[in-house]
Amino acid sequence: MALRRLQVSDLRCLQTADVEIDPRFTLISGANASGKTSLLEAIYVLGRGRSFRTRHLDQLIRRGSSRFVVFGEVQTAERVVPIGVEASAEGVGARISGSWAGSLAELALILPVQIIDPEVHKLIEEGPSRRRRYLDWGVFHVEPGFIPSWQRYQQVLKQRNAALKAKQPRAMVTAWDKDLLRYGLEITAARARYVDVLKAYAQALTQSLLGCALAMEYRPGWGRQVSFEEALALSARLEQERGVTQVGPQRAELSIQLDGLAAKDRVSRGQQKLLASALLIAQIKLFPEAAPVRPVLLLDDPAAELDDQHLAQLIGEVAGQANQLIVTTLQKDFTAFGSPGRHYQIAHGALTPI
């Protein structure tokens, strides 16, 4: 079961939009700068509480408006769940079934969403923070206790860093260490377990799409030869100088290699896109069968930067997943995924059913 309706107000070029979403395949076609990506961005915000294009949600507010609102209805196995996100210069809030959510992370339980877009190569090309977010989305859905540990760790880390920045006595800094170690180790163990299972799926997909051998390794954010506690003690002088905690899960890395070399140095931009797509599809394959909703996979102009052969391979892998698919394309007659259950043409932010 999945997203069945989307309403958007004042997000980028979308003044108003009310869209019925097919449970299997919805196609959005239109010219460049017509609003296709903004529509996908609205769905992503609804399921993540954040954008895949900017860190600042207030930048999504349509010019001349004071806020944007995204509302959706999600059909689960048992009921319809209304969810919504609104953002203004004052902040961001989310509602689930009419009540304010305690955390934006709660949205992902109702609407798990992934996107493959023309910028997906950044998962490989950019620094470790993007790969940590990728990893944590997957762990969140298979490890029920992960988010509480992650949230508590972030709170403790914030307090510890504040003490360091204020140059408080060392005893005031280390007062946070017990909880930092406890929750940090819980996060690390959950991530490591997830990578151990994920890599088999990712390796098979990478071999299929790229013909290369993939190696993945989770590096916890401190040296291999010492424990987290030992690393924390060894970094004391450096963190006092820099005013920030130097080791821990917030500095973890997901190392990705192809044929024994760092992936970002090994392949072209188009191949990076295929590799990143393989990693995202692997997460969807690993998604729990017993979950009340299946992931929504967004594809923004899948033909960008891929030749016909690799596009066909990517389509073959995506089409094999039993998930809700929402695709944007420049072509009105885009049949790569078969006949869509719903098809909309978009122009200047306005949608017309076809």
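Since every read-out is calculated from the coordinates, none of them should be taken as a lab result. Because the structure is predicted, anything quoted here is derived from the model rather than measured. Don't worry about glycine lacking a Cβ; one is built from the backbone with ideal geometry, like all the others, and counts go over all protein chains shown.
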Practice task
Would you calculate a helix-derived [θ] at 222 nm for the chain, using -39,500 (n - 2.57) for each DSSP H run of n ≥ 4 and dividing by the full residue count, to the nearest 500?
Solution key: -12500 deg cm²/dmol
Practice task
May I ask you to list the lysines whose Cα is less than 19 Å away from that of Lys36, ignoring any residue fewer than eight positions away on the same chain?
Solution key: Lys332
Handout entry: Straight-distance crosslink candidates among lysines, where the alpha carbon sits under 22 Å from Lys199 and sequence neighbours closer than 8 are dropped
Key = Lys122, Lys264, Lys273, Lys285
Fill in the blank from the handout: In degrees rounded to 10, the 0-90 angle between helix 269-286 Cα long axis and the longest Cα principal axis of the chain is 80 degrees
Practice task
Return the Cα extents of segment 267-343 along principal axes one, two and three, sorted largest first, each rounded to a whole Å.
Solution key: 36, 33, 16
Completion exercise
Rounded to the nearest whole number, the Stokes-Einstein translational diffusion coefficient of segment 45-149 at 10 °C and 1.306 mPa s (Kirkwood radius, C-alpha pairs) in µm²/s is 105 µm²/s
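Test of understanding: ordering Lys36, Lys285, Lys158 by Cβ neighbours within 10 Å, fewest first, what list do you get? Mind dumping the intermediate values first?
Details: Lys36 23, Lys285 17, Lys158 12.
Lowest count first: Lys158, Lys285, Lys36.
Taking Cα pairs under 8 Å and at least six residues apart, what relative contact order does segment 121-289 come out at, in percent? Present the calculation step by step, with values, prior to reporting the outcome.
Numbers: 204 pairs, mean separation 55.6, N = 169.
Once normalised by length, the contact order is 33 percent.
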Handout entry: the chain: relative contact order in percent, alpha carbon pairs under 8 Å with at least 6 residues between
Key = 26 percent
Exercise for the section: Averaged over every viewing direction, what's the projected area of the C-alpha convex hull for segment 121-289? Give it in nm², one decimal, please. Expected result: 10.1 nm²
Handout entry: Those lysines that a straight Cα-Cα span of less than 17 Å connects to Lys158, excepting residues fewer than 8 apart in one chain
Key = Lys167, Lys178
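When a footprinting reagent is the concern and you count Cβ atoms within 10 Å, what order do Trp100, Trp137, Trp150 take, fewest first?
On the way: Trp100 8, Trp137 19, Trp150 22.
The most exposed by this proxy come first: Trp100, Trp137, Trp150.
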Completion exercise
Counting only DSSP loop positions in segment 255-334, the GluC sites (Glu not before Pro) whose Cβ has at most 11 other Cβ atoms within 10 Å are Glu289
Practice task
Take segment 61-122, compute every pairwise Cα distance, and split them into 10 Å bins from 0; I just need the percent in each bin.
Solution key: 19, 40, 33, 8, 0
Exercise for the section: Take every Cα pair under 8 Å in segment 255-343 that's 6+ residues apart, average their separations, divide by the length, and report that relative contact order as a whole percent. Expected result: 27 percent
Exercise for the section: At 10 °C and 1.306 mPa s, grab the translational diffusion coefficient of the chain from Stokes-Einstein with a Kirkwood Rh over Cα pairs, rounded to a whole number in µm² per second. Expected result: 73 µm²/s
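So what's the net charge close to Ala94: Lys and Arg +1, Asp and Glu -1, counting the other residues with Cβ under 12 Å from its Cβ? Show your work: numbers first, answer last.
Numbers: positive: Arg48, Arg50, Arg95; negative: Glu86, Glu106.
Net of charged neighbours comes to +1.
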Handout entry: Along each principal axis, Cα extent of segment 1-76, largest first, Å
Key = 34, 27, 20
Problem - Net charge over other residues, Cβ less than 12 angstrom from the Cβ of Leu258 (K, R count +1; D, E count -1) - result: 0
Exercise for the section: Determine how many Å³ per residue the convex hull of the Cα atoms of segment 235-286 encloses. Expected result: 137 Å³
Exercise for the section: Neighbouring Cβ atoms within 10 Å as the yardstick, rank Thr26, Thr329 fewest first. Expected result: Thr329, Thr26
